[in-house]
Amino acid sequence: MSENETTTKKSGNGMKILVIILLVIVLLNTALLAFNMLSGQPLYTLPLQKQAKQPADGECQLFGPEDYTVNLADSGQRRYLKVRLVLTYEDKKMQKELEQRQAQIRDLIILTLRQRTAENLEENGGMESLRSELKSKINTILTTGVIKEIYFTDFLVQ
């Protein structure tokens, strides 16, 4: 045999060995994956998140978020408002009342939002006046406490 034939055979054997090693790795990975899937054990676990701490007395409690999509009072145009808001309060006893009056509060908010026009909302102070109007209207129906603040987490006029 000449020298060229010997190197060709060696490189051909090297390729065969490399392909065999790759096939063995793929088969082992497939077997490991199948075993983990069938055993119901996860391949890895994420660390548990710490449980959210309950606010102490005097700290704000949150109620919501609630989504509202309403048609605006614009004449001649079909415009709508999509808003998500969160109510904050301090007295823990209010949670039960807010849950009991949820339908009444939603109705009040929807009626108030529908009275607005896009121009009212887009002008300076439009959102602030809406916020204070909603807060005062909601507080008139509550008996165990008051809403401290209203936060808009989404606000879209279209």
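Numbers at a glance
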item: Two-site label geometry, N29 and Q104: point separation in nm, points 7 Å out along Cα→Cβ; result: 6.2
item: 15 Å beta-carbon shell around L98, net charge (K/R +1, D/E -1); result: +1
item: Ranking of S129, S75 by count of other Cβ atoms within 10 Å, fewest first; result: S75, S129
item: Formal net charge of residues neighbouring L111 (Cβ-Cβ distance under 13 Å; K, R +1; D, E -1); result: +2
item: Whole-number percent relative contact order across the stretch 61-157, with pairs defined as alpha carbons under 8 Å at least 6 apart; result: 40
item: Net charge over other residues, Cβ less than 12 angstrom from the Cβ of G126 (K, R count +1; D, E count -1); result: -3
item: Gain in span if fully extended, T153 to T88, counting 0.36 nm per residue against the direct Cα distance; result: 22.1 nm
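Values quoted throughout were computed directly from the atomic coordinates according to the rules given, and no laboratory measurement underlies them. Keep in mind that what you see is a predicted model, and the values were worked out from it rather than measured. Cβ coordinates were reconstructed from backbone atoms using ideal geometry, including for glycine residues, and neighbour counts include every protein chain displayed.
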